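Quick notes on the structure that follows.
The values are calculated or read from the model by the stated rules, or taken from the named source; none is laboratory data. Remember, predicted model here, so these are calculated numbers, not experimental data. When we count neighbours, we look across all protein chains shown, and the Cβ atoms used for this are built from the backbone with ideal geometry, even at glycine.
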């Protein structure tokens, strides 16, 4: 039994009905915030709605094209759980909505925020990372475990990380990048061409009348390859960084 299946079996064992969720939420609203009883009720609401967490997270994962049942799936479930807890505390019975209506957006937000923070990283499977650690401190000898990756697999994983570099053609999802709005270069000095390319990109952004903060955000993202970090450095709202990125690239494409 894999870890995701074990998680699902545990989630199903503690499920509660929407009616009981509503009753607990009503009791929560009359309990002192931060007290032991308050925390206990929040925990019960969350434990009873883990199926909702699973359905929302899997739907989000499928839309992004991630394989389900991997270590990433557990990471997404864990990130989504924090959103479920926020929803349990924020749920307002007076609005007349179901708990799921409140919880789904919160779960999606936390899962999306987690993926945003990991977007520019190269994912190395956990078993590969463990094997590399073992070989590092055992003179390069394999651990001998059945699931231990072969030397070739470790080499390919390390090579992928070492060969990855960030530049003006750093991409986000399957969308176009800054370099896609430029013509292919002729034979020229690479460094000189890069400087000219940056200047041309700046002129295109200016022609597209992008906000100075957005221009800085695009250049920072091209430099470091992480939307959240680029947004913070440029003074842009990190939670809207993906939307701002797509809109800015489209504006640049419209003027080319």
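Below, the figures for the structure above:
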| quantity | calculated |
| --- | --- |
| In the stretch 217-230, the residues that are more than 15 Å from residue 249 (Cβ to Cβ) and assigned to a helix (DSSP H, G or I) | 223, 224, 228, 229 |
| Residue among 97, 22 that alone is over 26 Å from residue 229 (Cα atoms) and without any contact (Cβ under 8 Å) to a residue 60 or more places away in the chain | 97 |
| Matching option when the condition is modelled with pLDDT of 80 or more and closer than 29 Å to residue 132 by Cα, among 150, 229 | 229 |
| Tally, over the stretch 34-54, of residues that are more than 30 Å from the chain's Cα centre (by Cα) and either modelled with pLDDT under 90 or not in a helix (DSSP H, G or I) (or both) | 1 |
| Which listed residue, of 214, 256, is buried (at least 16 other Cβ atoms within 10 Å of the Cβ) and in contact with a helix residue (DSSP H, G or I) (Cβ under 6 Å, 6 or more places away or on another chain) | 214 |
| Per-region count, the stretch 9-19, residues in a helix (DSSP H, G or I) and either in contact (Cβ under 8 Å) with a residue 40 or more places away in the chain or farther than 15 Å from residue 97 by Cα (or both) | 6 |
| Cβ pairs under 7 Å, 6+ apart, first in the stretch 205-216 and more than 9 Å from residue 251 (Cα to Cα), second not in a helix (DSSP H, G or I) | 213/235; 213/236; 214/236 |
| In the stretch 76-114, the residues that are surrounded by 15 or more Cβ atoms within 10 Å (Cβ to Cβ), at pLDDT 90 or above and out of contact with any helix residue (DSSP H, G or I) (no Cβ under 7 Å at 6 or more places or on another chain) | 78 |
| Residue in the stretch 193-214 that is assigned to a helix (DSSP H, G or I), modelled with pLDDT of 75 or more and under 30 Å from residue 108 (Cβ atoms) present | yes |
